[in-house]
Amino acid sequence: MEIAARCPPELKLRDQGKYPLKAIARGILPDAVIDRPKGYFPMPALKYVRGEFLEFMRAILDSDACRSAGWYERAYVDGLLAAPDMHLTRIHGSKLWHCALELWLQRNVDPVASEA
């Protein structure tokens, strides 16, 4: 992740995106796999965030570490948490999944803040 973040945008976006990954894979994977159209992995669990996982996401997004970091627009996150089934992406996945990055941020970018 850190190496990818340091790559200049013109390298990452070259040839319609994912250039470094595709260049590394050439000769290892068939070109048909590397050059196939972009897709997604539909999973029923992605559509609705409920139960224990919703409470897990709520704890992360309501944490002092998340609030003090200020990465998210609070009113928007509060709306997602209040009615997660009402906020779906264009492929009908829960928009709360977009906020799952917060857990990674707390564990890897500012782990001290998440322990406070």
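Points to keep in mind about this one:
- Choice from Y72, Y48, Y19 showing the highest fluctuation, given a GNM over the chain with Cα pairs closer than 10 Å: Y19
- Taking volume of the Cα convex hull per residue in Å³ as calculated from this structure, the corresponding entry among (1) 117; (2) 153; (3) 99 is (2).
- Ignoring the sites themselves, the chain has its longest run without trypsin sites (Lys or Arg not before Pro) in a DSSP loop having at most 10 other Cβ atoms within 10 Å at 39-89.
- A cut-off of 5 Å between modelled amide H atoms, ignoring neighbours fewer than 5 places along the same chain, links K18 with no other residue.
- Residues E10 and N108, FRET efficiency given R0 of 30 Å [Cβ-Cβ distance, rounded to 0.05]: 0.70
- Using a Gaussian network model of the chain in which every pair of alpha carbons under 10 angstrom is joined by a spring, one finds that among V49, V33, V77 the greatest mean-square fluctuation is at V33.
- For segment 1-111, the fraction of 1.4 Å probe accessible surface lying on carbon and sulfur atoms is 62 percent.
- Whole-number accessible area per residue in Å² for the chain, which is evaluated in the context of all protein chains at 1.4 Å: 76 Å²
- Bridgeable aspartates and glutamates around K38 (alpha carbons under 14 Å apart, same-chain partners fewer than 8 residues away excluded): D15.
The values are calculated or read from the model by the stated rules, or taken from the named source; none is laboratory data. Treat the numbers as computed from the prediction; the structure is a model and nothing was measured. Note: ideal-geometry Cβ built from the backbone for every residue, glycine included; neighbour counts use all protein chains shown. Side chains included, ligands, DNA and RNA excluded: accessible areas come from the protein's heavy atoms. Shrake-Rupley method; radii C 1.70, N 1.55, O 1.52, S 1.80 Å.
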